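*Asks:* Pasting in a structure now, in structure tokens, and then I'll have a few things to ask.
The values are calculated or read from the model by the stated rules, or taken from the named source; none is laboratory data. Note that the structure is predicted; figures quoted are calculated from it, not measured. Virtual Cβ from ideal backbone geometry, glycine too; neighbours counted across all protein chains shown.
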Amino acid sequence: MKVVVVGTNHAGISAANTLLDSDQDVEVTLLDRNSNLSYLGCGTALWVGRQIDGYEGLFYTNAADFEAKGAKISLETEVKEIDFENKVVYAETKSGEKLEENYDKLVLATGSLPIAPKLPGHDLDGLHFLKLFQEGQAVDKALATDDANVVCVIGAGYIGVEIAEAAARRGKEVHIFDAEAHSLMNYYDEDFAVAMDENLRANGIHTHFGELAEEYLGENGKVTGLKTTKGEYKADVIINCIGFRPNAGLGADHLEKFVNGAYLVDRTFKTSDDAVYAVGDCATNYSNAVNDTAYIALASNAVRSGIVAGQNILGNHVEGAGIQGSNGIEIFGLKLVSTGLSVRAAEKNGLKVKYTDIEDTQLPGFMPADENAEVKLRIVYEEESRRIVGAQMVSHYDVSMGIHMFSLAVQEQLTIDKLALLDLFFLPHFNQPYNYITKAALKAE
Ligand SMILES: Cc1cc2nc3c(=O)[nH]c(=O)nc-3n(C[C@H](O)[C@H](O)[C@H](O)COP(=O)(O)OP(=O)(O)OC[C@H]3O[C@@H](n4cnc5c(N)ncnc54)[C@H](O)[C@@H]3O)c2cc1C
Ligand SMILES: NC(=O)c1ccc[n+]([C@@H]2O[C@H](COP(=O)([O-])OP(=O)(O)OC[C@H]3O[C@@H](n4cnc5c(N)ncnc54)[C@H](O)[C@@H]3O)[C@@H](O)[C@H]2O)c1
């Protein structure tokens with residue numbers, strides 16, 4: 001069996017490794033237009049902000065690793081067209097050489113592209129996106145120039161707040177803009193998002209919410225400012241971070257698509273064509289929070305979808321467990337984690353929900369104050385079924401393990417009442433005997 005994988009980042013890599021690590025005789029060909037693979041974008045802000053020494057550790061594999069496993073891999077090779085009827089992929093290398101690869105099974109792992117609004121001035125120098133390693137390098141270089149004093153970040157989602165922190169750590173005057181009333185509104189309710197807003201401001205970042213970018217201002221081909229719906233701001237560097245869209249053009253009119261253009265896949269990540277699988281950011285996934293198809297662009301989902309598709313290509317029927325969109329962020333030491341739906345997202349999805357909130361300390365009061373921290377938790381549950389559909393937490397304490405448990409609760413459709421009497425261990429070094437998860441669940445209406 002010959003499998004062609006288009007796109008060799010997290011999703012493509014994980015599908016290819018699943019095939020190559022099996023005991024079956026599978027011929028695997030990998031094609032990617034980029035010159036590198038396996039870049040962990042999550043580390044961009046860490047090295048640009050000089051919290052880690054460099055970017056080298058952000059790549060976890062390379063072409064030679066695949067060749068050593070017997071795969072054929074061509075980087076800087078862009079797939080231009082696919083003949084789905086005759087099962088042929090047409091590609092072109094950077095030097096203009098044309099390639100043709102036939103396949104028995106095809107894995108589309110072409111990921112996502114940053115949303116790039118064509119505002120006036122969009123071709124000025126000094127405008128940046130943050131998706132590829134090379135774009136991270138460009139931002140890093142731009143921040144190193146003597147005349148880069150003011151940085152405007154458009155979008156206060158995950159990439160935006162992370163790069164705003166990095167630019168502030170590099171000593172820049174940073175302004176962050178978002179169309180919403182607060183930062184991180186795609187992940188958190190207002191009561192939690194405000195903690196991040198305050199954290200950004202407390203660390204010197206200027207926040208501008210409810211403000212939409214209208215025009216990139218410039219002189220002599222270089223950006224000098226940003227015009228929004230509320231005013232004009234000086235800018236030496238502008239970084240656009242307003243979300244991703246699926247990169248699913250290769251499927252043309254042949255493959256079924258989701259409302260946002262992503263390849264529509266089943267629980268095995270098979271598309272509407274039996275010979276074609278689609279994984280990672282270019283494809284849909286199944287949300288256990290809404291119990292329906294959803295699109296959530298995350299590396300964590302990409303990796304698991306690649307494994308599932310790979311197993312099914314090998315003939316092992318495996319269904320994905322579905323996703324909750326579990327995520328986390330840490331900015332200047334403040335940690336926010338969430339899974340499933342916020343109240344706002346639940347309502348947008350037509351779910352009638354209630355929620356239970358609690359604020360407490362992580363450890364008992366007798367523990368040293370410098371080891372202890374306040375924690376705020378919200379559990380969101382469906383009014384009628386009482387199943388948990390989401391949770392959010394904010395703290396300076398590392399509460400990430402708690403959100404993993406809530407992720408499982410959403411996946412398994414657990415009710416808030418079952419959670420209330422769950423056996424949670426107690427040790428003063430970790431938590432309280434009558435801890436905030438139990439307390440929040442017990443007081444749920
Ligand atoms: C700055 C940043 C920080 C992030 N932080 C996190 C995080 O902390 N946690 C998390 O879970 N996620 C994070 N993400 C999101 C995560 O990086 C993506 O969800 C993930 O990269 C998706 O993997 P993928 O393999 O599906 O797609 P992509 O990473 O988009 O890879 C797609 C690949 O396909 C190739 N390709 C596309 N079209 C073609 C073509 N026609 N021919 C050949 N090759 C093609 C591309 O070159 C690319 O290599 C972050 C993203 C960014 C940008
Ligand atoms: N820690 C993590 O897990 C992590 C880190 C970085 C990125 N990612 C993922 O990568 C993907 C892309 O991240 P992102 O930060 O670009 O997207 P995002 O969805 O997190 O945030 C985009 C933000 O841009 C705002 N916005 C949209 N249009 C706008 C406009 N015209 N003007 C002003 N603001 C506007 C939105 O309100 C939103 O807050 C997401 O799926 C994200 O989850 C995850």
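*Asks:* Here's a check for you: in segment 323-337, which residue that is crowded, with 16+ Cβ neighbours inside 10 Å and outside any strand (DSSP E or B) is farthest from ligand 1 (Cβ to nearest atom)?
*Replies:* PHE332
*Asks:* To continue, here is another question. Say whether the condition of being in a strand (DSSP E or B), without any contact (Cβ under 8 Å) to a residue 40 or more places away in the chain and closer than 23 Å to ASP197 by Cβ is met by at least one residue in segment 370-391.
*Replies:* Yes; the residues of segment 370-391 include at least one that is in a strand (DSSP E or B), without any contact (Cβ under 8 Å) to a residue 40 or more places away in the chain and closer than 23 Å to ASP197 by Cβ.
A quick yes/no check of all residues on (1) at pLDDT below 95; (2) outside any helix (DSSP H, G or I); (3) in contact with a helix residue (DSSP H, G or I) (Cβ under 6 Å, 6 or more places away or on another chain); (4) not assigned by the TED database to the domain that holds ALA193:
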site: VAL394; (1), (2), (3), (4): no, yes, yes, yes
site: HIS404; (1), (2), (3), (4): no, no, no, yes
site: SER407; (1), (2), (3), (4): no, no, no, yes
site: LEU419; (1), (2), (3), (4): no, no, yes, yes
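*Asks:* Looking for something farther than 23 Å from ALA409 by Cβ, among the small types (Gly, Ala, Ser) and either touching a helix residue (DSSP H, G or I) at 6+ places or on another chain (Cβ under 7 Å) or not assigned by the TED database to the domain that holds LYS80 (or both) - is there at least one such residue anywhere in segment 334-353?
*Replies:* no
*Asks:* Filter segment 155-184 down to the residues that are more than 6 Å from ligand 2 (Cβ to nearest atom), assigned to a strand (DSSP E or B) and either crowded, with 24+ Cβ neighbours inside 10 Å or in contact (Cβ under 8 Å) with a residue 60 or more places away in the chain (or both) and list them by number.
*Replies:* VAL174, HIS175, ILE176
*Asks:* Does LYS418 qualify as being touching a residue at least 60 places away in the same chain (Cβ under 8 Å) and basic (Lys, Arg)?
*Replies:* Details: touching a residue at least 60 places away in the same chain (Cβ under 8 Å): no; basic (Lys, Arg): yes.
Taking the combined requirement at face value, the residue does not satisfy it.
*Asks:* Kindly provide the set of residues from segment 209-243 that are assigned to a strand (DSSP E or B), under 26 Å from the mean Cα position of the chain (by Cα), within 14 Å of ligand 2 (Cβ to nearest atom) and crowded, with 19+ Cβ neighbours inside 10 Å, ordered by number.
*Replies:* ALA213, ILE238, ILE239, ASN240
*Asks:* Given the residues ALA289, ALA309, ALA302, which is the only one that is in contact with a helix residue (DSSP H, G or I) (Cβ under 9 Å, 6 or more places away or on another chain), in a loop (DSSP other than H, G, I, E, B), surrounded by 24 or more Cβ atoms within 10 Å (Cβ to Cβ) and touching a residue at least 24 places away in the same chain (Cβ under 8 Å)?
*Replies:* ALA289
*Asks:* Being within 15 Å of ligand 2 (Cβ to nearest atom), assigned to a strand (DSSP E or B) and touching a Leu at 6+ places or on another chain (Cβ under 7 Å) is the filter here, so list the residues in segment 244-286 that pass it.
*Replies:* PHE244, ARG245
*Asks:* Follow-up. Quick one: GLU85 ticks every box in (1) part of a loop (DSSP other than H, G, I, E, B); (2) within 16 Å of ligand 2 (Cβ to nearest atom) bar one, so which box is it?
*Replies:* So the condition that GLU85 fails would be (2).
*Asks:* Okay, moving on. Looking at segment 108-144, which of the residues that are in a loop (DSSP other than H, G, I, E, B) and aliphatic (A, V, I, L, M) is surrounded by the most Cβ atoms within 10 Å (Cβ to Cβ)?
*Replies:* The qualifying residue surrounded by the most Cβ atoms within 10 Å (Cβ to Cβ) is ALA109.
*Asks:* Return only the number of the condition from (1) modelled with pLDDT of 95 or more; (2) outside the structural domain of ALA294 (by the TED database) that ASP146 does not satisfy.
*Replies:* With respect to (1) modelled with pLDDT of 95 or more; (2) outside the structural domain of ALA294 (by the TED database), ASP146 is out only on (1).
*Asks:* If we only count helices (runs of 4 or more DSSP H) wholly inside segment 1-79, which ones have 3 or more residues that are within 16 Å of ligand 2 (Cβ to nearest atom)?
*Replies:* 44-48
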